[in-house]
Every structure is written in structure tokens, then in C-alpha cells.
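Report on the following structure.
The values are calculated or read from the model by the stated rules, or taken from the named source; none is laboratory data. Quick caveat, the model's predicted, so the values are computed rather than measured. Reconstructed Cβ throughout: ideal geometry from the backbone, glycine too, with neighbour counts over all protein chains shown. These accessible areas exclude ligands, DNA and RNA; they are computed on the full protein's heavy atoms, side chains included. Shrake-Rupley method; radii C 1.70, N 1.55, O 1.52, S 1.80 Å.
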Amino acid sequence: MFAPGRPEPIPSPNLWHWPEVYEVENHAQDSGCAIWAALRDAGGWRDADVLDIGCGDGFHLPLFAREARTVTGIEPHPPLVRRARERVSELAGVRVVAGCAEQIPLPDDSVDVAHARTAYFFGPGCEPGLLEADRVLRPGGLLAVVDLDTTRAPYGDWMRADLPRLNPEKVERFFSRQGFESRTVDTVWCFEDRSALEAVLQIEFSATVAARAIAETAGLTIPVSYRLRTRRAPRGLVMR
Ligand SMILES: C[S@@+](CC[C@H](N)C(=O)[O-])C[C@H]1O[C@@H](n2cnc3c(N)ncnc32)[C@H](O)[C@@H]1O
């Protein structure tokens with residue numbers, strides 16, 4: 001879909017290939033709303049112009065829309081752009097734009113809160129997206145990056161088993177050097193039945209690690225920790 005020279009999206013096999021199972025996963029995630037509470041502590045989004053970068057099929061857009069002034073989702077994968085647009089088609093002030101973090105298709109100084117959840121901002125390499133976020137944020141606007149905490153058991157152990165080259169300390173140092181404050185948010189994923197839980201683990205992990213995760217999980221819940229990383233866009237004169 002991109003013209004030559006435009007960035008390629010980072011593949012997201014879970015959501016790209018199994019959007020219905022990912023929908024179940026999104027419903028199961030953060031059952032106690034701990035991430036939303038942490039986002040509120042960080043400044044919240046009431047009456048704000050909100051941007052969700054890498055919005056996928058738009059699961060979080062209606063949730064932001066309850067309090068935001070406007071909500072824009074950007075997403076590079078065309079089938080997900082279509083699904084997200086369907087999801088928000090009847091919501092006033094909410095739109096979905098095809099695009100990516102490295103070239104956000106919005107004007108300078110046009111949003112108050114930019115949010116990205118398990119999308120693009122994974123550590124070193126995401127500098128172009130950080131620059132773009134600063135460009136579209138109004139001075140003092142909030143950039144909030146939510147990602148899984150790969151150091152916390154059990155979920156982090158399973159992730160590291162599948163990604164042996166992952167270096168959590170390096171990721172942490174990167175975001176710290178980029179001026180982010182990071183905090184851990186403990187959540188519980190809560191499923192309606194065992195088959196839903198197992199299907200989600202099977203789209204998140206290799207067959208071997210999924211089998212291990214299923215064997216190590218009794219019942220219908222999984223403790224999963226996240227890192228919430230926040231920083232404010234510069235105020236005053238900025239050289240772009
Ligand atoms: C794991 S999904 C998360 C989707 C959504 N944030 C959610 O929590 O439901 C990651 C998303 O990031 C998108 N993505 C991949 N590369 C991207 C890029 N360069 N800029 C913005 N989004 C990107 C993928 O297409 C996918 O929709």
C-alpha cells in the first residue's frame with residue numbers, strides 16, 4: 001500500500017491473521033482497568049484531541065471517545081483500517097486514517113494525547129515515530145506508550161522464551177534516554193472460558209511456548225504486567 005520510500009509496517013501476526021481471536025484477547029486484557037487508571041494518573045484524555053498510533057482494528061477508539069473531544073486512529077494495515085472504520089462508523093468525532101508512526105498523516109500541533117498500545121514503539125528503532133509524535137502533539141501534550149513488561153512472570157517469561165534476543169534492560173535504557181518516565185502496571189487478563197484463553201495463547205506464542213503457557217495456567221486468568229511510558233512534548237521553541 002505504501003509508495004516507494006515509505007516505511008513498511010512491523011508485522012503483527014496475532015492481529016493481522018486472527019483478528020477475531022485478538023478481539024477476545026482485547027476484551028480479556030486489563031480486566032480491572034489498571035492501564036486506564038494509570039493513563040488517567042498520567043494526565044488523562046478528557047476533552048482532548050486523542051491520537052491512537054497503530055490502532056489495529058480500533059478496539060480502544062470508542063473507549064477514548066467516551067471522554068475525548070476527538071479521536072483519530074492511525075493504522076498501516078489496510079484490512080485493519082477497514083475493520084476499525086466499521087467499528088467507529090456511528091461515533092461522532094472519531095475517525096481512522098491509513099498511516100504509520102513514522103509519517104503521521106496529521107498536521108503539526110494538532111493533538112493533546114498520543115497513545116500507542118503494543119504498537120511500533122518497542123525500543124531502539126522507533127526514533128522516527130517519536131519525532132513524529134512530538135511534531136503532531138501540541139506543546140506539553142502527552143505521549144503514552146503502553147507495552148508488555150517482558151521482565152515479569154509468567155507472561156514475560158513466555159515472551160522471552162520466544163524472543164531470546166530481546167533485551168529488556170536495553171529497551172528500558174532507550175526510553176529513559178528519550179526522556180520517558182516508565183512505570184509497571186500489573187493487570188489480570190480474564191477469560192470467559194478455557195477455549196478462549198488457549199486460543200489467545202496460541203496466537204501470541206510459538207506452538208511450543210503456547211503449550212507451556214497453557215500447561216502453566218490454571219483457571220481463567222493470567223497476571224500480565226505492562227510498562228506505561230510517558231513523556232510530554234516540548235514547550236517553547238523547537239527546531240524541526
Ligand atoms: C499488536 S497490534 C495492537 C493494535 C492496537 N493498538 C490494540 O491494542 O488493539 C500492533 C499494531 O501496530 C500496527 N503497526 C505496525 N507497524 C506500524 C507502524 N510503523 N506505525 C503504526 N502502527 C504500526 C500493526 O499493523 C498493528 O495493528
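Of note:
- Scope the range 8-17; condition near the ligand (Cβ under 7 Å from one of its atoms) and either open to solvent by 50 Å² or more (accessible area, probe 1.4 Å) or not hydrophobic (A, V, I, L, M, F, W, C) (or both); matching residues: P9, I10, S12, N14, W16
- The C-beta contact set for the range 5-34 (first residue closer than 17 Å to Q202 by Cβ, second residue part of a loop (DSSP other than H, G, I, E, B) and among the small types (G, A, S), distance under 6 angstrom, 6+ apart or interchain) comprises L15/G56.
- Residue count for the range 58-112, restricted to those that are more than 9 Å from the ligand (Cβ to nearest atom), charged (D, E, K, R) and outside any loop (DSSP other than H, G, I, E, B): 7
- Contact map, the range 56-85: first residue aromatic (F, W, Y), second residue within 7 Å of the ligand (Cβ to nearest atom), Cβ cut-off under 8 Å, separation 6 or more or different chains; pairs are F59/N26; F64/D52.
- In the set (1) among the charged types (D, E, K, R); (2) within 8 Å of the ligand (Cβ to nearest atom); (3) free of Cβ contacts under 8 Å to residues at least 40 places away in the same chain, D47 fails one condition alone, (2).
- Only listed residue being surrounded by fewer than 23 Cβ atoms within 10 Å (Cβ to Cβ), touching a Phe, Trp or Tyr at 6+ places or on another chain (Cβ under 6 Å) and not hydrophobic (A, V, I, L, M, F, W, C), chosen from P124, P168, P128: P124
- Single match in D57, D41, D47 (criterion: touching a Lys or Arg at 6+ places or on another chain (Cβ under 7 Å) and surrounded by fewer than 17 Cβ atoms within 10 Å (Cβ to Cβ)): D47
- Residue in the range 18-31 that is within 12 Å of the ligand (Cβ to nearest atom) and more than 23 Å from A199 (Cα to Cα) present: no
- Scan of the range 176-201 for residues that are in contact (Cβ under 8 Å) with a residue 12 or more places away in the chain and in a helix (DSSP H, G or I), ordered by number: R194, A196, L197, E198, A199, V200, L201
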